[in-house]
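Report on the following structure.
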Amino acid sequence: MLNFFQNLSPELIIASLSALPFTELRGSIPIALGVYKLPVVTAFFLAVLGNIAAAVLVLLGLEFFSGYLMRKFSLANRFLNWLFKRTRESHQKKFEGWKELALMLFVAVPLPLTGAWSGALCSFIFGIPVKRAIIAISLGVVIAGLLVTLISYGAINCC
């Protein structure tokens, strides 16, 4: 994998790292600023765009893949219907009317496992429509990007 990244420009590396589930922009912005010494605005925009692009692909992929499985395999259909029904019923009252806001805030928190990938999975399981989920996740990514950039740049002292 390191050989793959050796031949890429720093900008493409940062956008790619932002699209990966374990680094997302929480890892790519500090690398952009610390390792590659990219300008702050460049680092922010590359990381945000890469992260949002990945979230959109994950959302669309989940919709397509689950639909395919549910059409082709009755066991998958029963399991996914059970999972969606159970999850939505047990959490419906907590998130009723707040789904998109809760999703945005979840993605905006710059902690491990709260990024765009997790947000895409949560929105899929809770049945948030794709267009609304994309907007909420994108807003959350922008907020997280601002926070991580400010922390990485030293404008916010988090510790």
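The values are calculated or read from the model by the stated rules, or taken from the named source; none is laboratory data. On a predicted model such as this, the values are computed, not experimentally measured, just so you know. Here the Cβ is made from the backbone with ideal geometry for all residues, glycine too, and neighbour counts use every protein chain on show.
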Q: Under 8 Å between Cβ atoms, at least 6 apart or on separate chains: pull out the pairs that start in segment 21-44 with a residue that is farther than 17 Å from A108 by Cβ and end on any residue that is of a type in the set (D, E, K, R) and part of a helix (DSSP H, G or I).
A: L38/E11; T42/E11
Q) Only one residue in F106, F84, F124, F79 is more than 30 Å from G27 (Cβ to Cβ) and either at pLDDT 85 or above or under 11 Å from the mean Cα position of the chain (by Cα) (or both). Which one? A) F79
Q. Within the set of pairs 6+ apart or on separate chains, which have a first residue in segment 116-130 that is within 12 Å of A54 (Cβ to Cβ), a second that is outside any helix (DSSP H, G or I) and hydrophobic (A, V, I, L, M, F, W, C), and C-beta atoms under 9 Å apart?
A. W117/L20; W117/F22
Q.
On the basis of being of a type in the set (D, E), modelled with pLDDT under 95 and either in a helix (DSSP H, G or I) or within 19 Å of the chain's Cα centre (by Cα) (or both), does E89 make the cut?
A. yes
Q. Would you pick out the residues in segment 128-143 that are aliphatic (A, V, I, L, M), surrounded by fewer than 18 Cβ atoms within 10 Å (Cβ to Cβ) and closer than 13 Å to K99 by Cα?
A. V130, I135
Q: Consider only pairs whose beta carbons are under 8 Å apart and that are at least six residues apart or on different chains; among these, list those whose first residue lies in segment 131-153 and is within 15 Å of I31 (Cβ to Cβ) and at pLDDT below 95 and whose second residue is aliphatic (A, V, I, L, M) and surrounded by fewer than 18 Cβ atoms within 10 Å (Cβ to Cβ).
A: Y153/V40
(Q) Going residue by residue through segment 94-105, is there one that turns out to be part of a helix (DSSP H, G or I), free of Cβ contacts under 8 Å to residues at least 24 places away in the same chain and within 17 Å of G127 (Cα to Cα)? (A) yes
(Q) Can you report the number of residues in segment 1-20 which are in contact (Cβ under 8 Å) with a residue 24 or more places away in the chain and surrounded by fewer than 22 Cβ atoms within 10 Å (Cβ to Cβ)? (A) 4
